[in-house]
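Data block below; observations after.
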Amino acid sequence: SAAAEALSGGAEARGILHTAHGASMAVPGAATAVVALVRGRELHVANLGDSGLRLIRGGQVVAATKQQQHYWDCPFQFGSASSDLASDAEVLSLPLEVGDVVILASDGVYDNVYAITTPTATMATSR
């Protein structure tokens, strides 16, 4: 079924985060992460922390991941001293249409380019 396929795509995206988390445990520091997979006309996303995804259609932000924070300026993140896991990630499955624009970025972009964070943003690049 389409629902089962969407679920498996989301689970696959989360699995990639899980693998990346395991590989990063020997590296000092911490990081947020976002993974997006395209399967047919479906976009599957797993996001942990304040990085994220925006799906723009017809010049409007039609879907976005949510920031995950423990408290202000302390996002969920992978790291050797963090208790956050891939299972904490937000998972989305979204239909894609011809002409859609997908933006994956860190909070450094979203904190400084306000136009791509608002649902009513008009993006000149999508025209």
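Comparison of S87, S80, S93 shows that the only residue that is at pLDDT 90 or above and out of contact with any strand residue (DSSP E or B) (no Cβ under 7 Å at 6 or more places or on another chain) is S87.
Filtered by the rule that a residue be assigned to a loop (DSSP other than H, G, I, E, B) and open to solvent by less than 70 Å² (accessible area, probe 1.4 Å), the stretch 48-59 gives G49, D50, S51, G59. Quick one: would you say V102 is of a type in the set (A, V, I, L, M, F, W, C), within 12 Å of the chain's Cα centre (by Cα) and not in a helix (DSSP H, G or I)? In short, yes. When L92, L17 are checked against the criterion of being touching a helix residue (DSSP H, G or I) at 6+ places or on another chain (Cβ under 8 Å), assigned to a helix (DSSP H, G or I) and either loosely packed, with under 12 Cβ neighbours inside 10 Å or of a type in the set (A, V, I, L, M) (or both), a single residue qualifies: L17.
With respect to the conditions (1) more than 10 Å from the chain's Cα centre (by Cα); (2) part of a loop (DSSP other than H, G, I, E, B); (3) polar (S, T, N, Q), Q67 falls short on a single one, namely (1).
Among all residues of the stretch 81-99, there is at least one that is in contact (Cβ under 8 Å) with a residue 40 or more places away in the chain and on the phi > 0 side of the Ramachandran plot. Per the conditions (1) open to solvent by 10 Å² or more (accessible area, probe 1.4 Å); (2) closer than 15 Å to T32 by Cβ, the sole criterion not satisfied by V101 is (2). Of the candidates V45, V62, V27, the single residue that is of a type outside the set (S, T, Y), surrounded by fewer than 20 Cβ atoms within 10 Å (Cβ to Cβ) and not in a loop (DSSP other than H, G, I, E, B) is V62.
Selection of the stretch 1-14 for residues being hydroxyl-bearing (S, T, Y) and either modelled with pLDDT of 90 or more or open to solvent by 70 Å² or more (accessible area, probe 1.4 Å) (or both) yields only S1.
Pick from the stretch 65-89 the residues that are open to solvent by less than 40 Å² (accessible area, probe 1.4 Å) and among the small types (G, A, S): which of them is farthest from H18 (Cα to Cα)? Per the criteria, the residue is S82.
The values are calculated or read from the model by the stated rules, or taken from the named source; none is laboratory data. Remember, it's a predicted structure, so these values are computed and weren't measured experimentally. Note: ideal-geometry Cβ built from the backbone for every residue, glycine included; neighbour counts use all protein chains shown. Note: accessible area is taken over every heavy atom of the protein model, side chains too, but ligands, DNA and RNA are not part of it. Shrake-Rupley method; radii C 1.70, N 1.55, O 1.52, S 1.80 Å.
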